[in-house]
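Peer 1: My questions will all concern the structure given below.
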Amino acid sequence: MHVVIMGCGRVGSALARGLEKLGHDVAVIDRDPGAFRRLAPDFAGRKVTGIGFDRDTLIEAGIDKADAFAAVSSGDNSNIIAARVARETFGVDNVVARIYDANRAAVYQKLGIPTVATVRWTADQVIRRLIPEGLLSEWRDPSGKIVIAEVALSPEWVGTKITALEAAAGARVALLTRLGDGMLPDASTLVQEGDLVHFSLEWSRIHEITAICAAGPKPGDD
């Protein structure tokens, strides 16, 4: 994957290092060239000085070929503007914005931009949201066999019944997060764009289920 990160503070630099260690190609944007000192001397990614929501700056960072974009600067407004430009202008599907104000985070979530408030922030959470095959474990039973986890869905599942998704995955959808609010799906619930799907599943089947969800429905899955 090619990932563009706006902001080279403590979080942005940690994300850049973590993603590069996972084998991804990374470009980092910051308006202060001195911020790049936080990156490791052997960082092989692109360093772009500029404003993260400026079109030319984003193009220099390779946004036109990006698979994911993370806006993690120190400004809420800059982060949400950059995230919306990445998604709406350049068509990047996997976008996440860091929001300091937890109350505003829910509002931005309703705009279709996954947000992470500072109180919940870890570099691992962001990486899991950016990588399409990502799975974010939220609860595990004492034996370690059963987990509740957020599993990334292919956009091709949009419009499909939750029951069809459960049948294909062989696992139960415990809940959805839609427009920032939790909801319990029923037999008539359809997957909508921007839904976060939380499965109750067996830990041993994680890779199988994430692959099914990432691949999209097969003929007859309706």
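Peer 1: Using a basic spin-label model with each label point 7 Å from the Cα along Cα→Cβ, how many nm lie between ASP93 and GLU202?
Peer 2: Roughly 2.8 nm, to one decimal.
Peer 1: Relative to the present Cα-Cα distance, how much length would full extension add between THR49 and ARG104 at 0.36 nm per residue of separation? Spell out each step's value before the answer.
Peer 2: On the way: separation 55, 0.36 × 55 = 19.80 nm, distance 2.79 nm.
Fully extending the segment from THR49 to ARG104 adds 17.0 nm.
Peer 1: Ok, one more. For LYS161, give me every one of the lysines with a C-alpha distance below 28 angstrom, ignoring sequence neighbours fewer than eight places off in its own chain.
Peer 2: The qualifying lysines are LYS110, LYS145, LYS218.
Peer 1: Further question: Could you derive backbone 3J(HN,Hα) for region 177-193 from the dihedral phi with the Karplus parameters 6.51, -1.76 and 1.60 (θ = phi - 60°), listing whole Hz in sequence and x where the residue is Gly or Pro?
Peer 2: 3J(HN,Hα) across region 177-193, in whole Hz: 10, 10, 6, x, 10, x, 8, 9, x, 10, 5, 9, 5, 9, 5, 10, 4.
Peer 1: Explain nothing, just compute: Karplus ³J(HN,Hα) = 6.51 cos²θ - 1.76 cosθ + 1.60, θ = phi - 60°, for every residue of region 30-45 in order, whole Hz, x for Gly and Pro.
Peer 2: Running phi through 6.51 cos²θ - 1.76 cosθ + 1.60 with θ = phi - 60° gives 7, 6, 9, x, x, 5, 5, 5, 6, 7, 5, x, 9, 4, 9, x Hz.
Peer 1: Could you work out the pair-distance distribution P(r) of region 135-215 from its alpha-carbon pairs, with 10 angstrom bin width and percents rounded to whole numbers?
Peer 2: 19, 57, 22, 2
Peer 1: What list of ³J(HN,Hα) values in whole Hz, one per residue of region 155-172 in order, does the Karplus curve 6.51 cos²θ - 1.76 cosθ + 1.60 (θ = phi - 60°) give from phi, with Gly and Pro shown as x?
Peer 2: x, 5, 6, 4, x, 8, 5, 4, 4, 5, 4, 4, 5, 5, 7, x, 8, 8
Peer 1: Rank-order 93-99, 13-19 by packing density, defined as the average count of other C-beta atoms within 10 Å over each peptide's residues, highest first. Please report the intermediate quantities before stating the final value.
Peer 2: Values: 93-99: 23.3, 13-19: 21.1.
Those peptides, ordered most packed to least, come out 93-99, 13-19.
Peer 1: Between ASP56 and MET1, what length comes free when the chain is fully extended (0.36 nm per residue of separation minus the Cα-Cα distance, one decimal in nm)?
Peer 2: Details: separation 55, 0.36 × 55 = 19.80 nm, distance 2.10 nm.
Computed gain between ASP56 and MET1 is 17.7 nm.
FYI, it's all coordinate maths here, none of it is from the lab. Everything quoted here is computed from the prediction, not taken from an experiment. With ideal geometry, Cβ positions are generated from the backbone for all residues, glycine too; neighbour counts draw on all protein chains shown.
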